[in-house]
Structures are given as structure tokens and as C-alpha cells.
Amino acid sequence: MDIKKQIEYWISTADNDLDTAELLLNNNKILFGLFLCHLCIEKAIKAHVVRCTGNVPPKSHNLSFLLEKTDLELDDSQFTLCDTLMYYQLEGRYPEHYPKTPALEKSIELLNQSKILFQWLKAKL
């Protein structure tokens, strides 16, 4: 497996997901926008799983589980964001767990926090 190529894949697709999340939120498509914020962070963490293990990351959407496979040390606010994003990742996969739609202002705040975390994760590669 080409580790560099795997990492580039996860980061480039995560970057696209974050761009799409912003477009969705700017068009008041809040739940799918937040779903893509989660997906962006999930993929960035998976890049670190590849870096740390040399293997393809597990097929899991659980950010805490994936973080355990890395050497990353998140602070409390980063962990809180990951926990919050986990709530919104269900919407796209399990409609019976449809989350309550937050206000647009709160959603934009989560997007901005996701951007910051994504940049931090990229810088750690």
C-alpha cells in the first residue's frame, strides 16, 4: 500500500466534503451540511490512522474509535466538536435517528470549528 497516496486521498476528499458542507449550509441545507462536516473530520482522522498504522482504516464512522487508532491528542473543545458531529452523522445513514435541526447560526459555528479542526489535523500529518 502506498501510504502517501492513501493519506492524500483521505485529505483531498475531506477537503472537498468541507467545501460542499459550506455550500449546503449557505443554502440552508443544514443537516446534510453538518453530515459533511462529520465526514470531513472522519476522513482527516482516517488519514492519521493510515499514517500511524500503515493500514487501510477501519470501515467505521465513529470518531472516538478512529482517534484511538492514532497518536493524536485532542483538547477538550476538539473532543466536544467530534462528539457533536457524531450526532449529525446519523442523519445521512439512519433516517430513523433524524436529529433536530440546529439554527443556521449554530450550524455555521460548527462549520467554522470543523474548518479549524481540519486544518489542525492536516498540519499534524
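What the table below lists for this structure:
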{"quantity": "Tally, over region 16-41, of residues that are under 11 Å from the mean Cα position of the chain (by Cα) and open to solvent by 60 Å² or more (accessible area, probe 1.4 Å)", "calculated": "0"}
{"quantity": "Residue check for Ser12: free of Cβ contacts under 8 Å to residues at least 12 places away in the same chain and part of a helix (DSSP H, G or I)", "calculated": "yes"}
{"quantity": "Residue match in region 84-92 (condition: open to solvent by less than 70 Å² (accessible area, probe 1.4 Å) and without any contact (Cβ under 8 Å) to a residue 40 or more places away in the chain)", "calculated": "yes"}
{"quantity": "Residue selected from region 42-74 under the condition surrounded by 22 or more Cβ atoms within 10 Å (Cβ to Cβ) and β-branched (Val, Ile, Thr), by the criterion nearest to Lys4 (Cα to Cα)", "calculated": "Val50"}
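The values are calculated or read from the model by the stated rules, or taken from the named source; none is laboratory data. Note that the coordinates shown come from a computational prediction; the quantities given were computed from them, not determined experimentally. With ideal geometry, Cβ positions are generated from the backbone for all residues, glycine too; neighbour counts draw on all protein chains shown. Surface accessibility is based on the protein's heavy atoms, side chains included, excluding ligands, DNA and RNA. Shrake-Rupley method; radii C 1.70, N 1.55, O 1.52, S 1.80 Å.
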